[in-house]
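Notes for the one structure printed next.
The values are calculated or read from the model by the stated rules, or taken from the named source; none is laboratory data. These numbers come from a predicted model, not from an experiment. Cβ: placed from backbone, ideal geometry, glycine included. Neighbour counts: every protein chain shown.
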Amino acid sequence: MPAQTHRIRVRYAETDQMGVAHHAAFVTWLEEARIAWMRSNGLSYRDIEASGTMMPVVDVHVIYKRPAKFDDVLEFVTTAKASGPSRVVFATTISRGGDQLAVAEVTIAAVDAAGKPIRIPAEILPLFTA
């Protein structure tokens, strides 16, 4: 699937006294960008869970290059690709006005309600293999 772009404005509560966004805010922003990617591709995380498939985060890797600051509008460009039968890797580039601030990869795994790994549901697998 093609890359999806999502914009987020850095809120004051996400920054320190110097107006620099806390590194942990990036994890929350990456989740928002991941959910936006899913929505833009016709997936509802709520519906996936209701069908019995949970997709928890099993790995987060962020390389910070430049700080984000209060009131910046950040652009998250996200792609997704299956990584084996039960995992999906979301790759995201975060930038501000053309300056790259960070790159990240978030891996989610398909599991059942008991937490046992399962295959990515066949009806959504094509979105992650195109």
Residues that are in a strand (DSSP E or B), surrounded by fewer than 20 Cβ atoms within 10 Å (Cβ to Cβ) and not hydrophobic (A, V, I, L, M, F, W, C), drawn from segment 76-130: 79, 81, 87, 93, 95, 96, 99, 100, 105, 107, 117
Unmet requirement for residue 36, which otherwise passes all of (1) surrounded by 15 or more Cβ atoms within 10 Å (Cβ to Cβ); (2) modelled with pLDDT of 95 or more; (3) not in a helix (DSSP H, G or I): (3)
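Hey, does segment 42-49 have a residue that's modelled with pLDDT of 95 or more and buried (at least 16 other Cβ atoms within 10 Å of the Cβ)? Full working, then the answer.
To start, the set of residues in segment 42-49 that are modelled with pLDDT of 95 or more comprises none.
No - not one qualifying residue is present in segment 42-49.
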Checklist (1) under 14 Å from the mean Cα position of the chain (by Cα); (2) outside any helix (DSSP H, G or I); (3) free of Cβ contacts under 8 Å to residues at least 60 places away in the same chain applied to residue 17, failing item: (1)
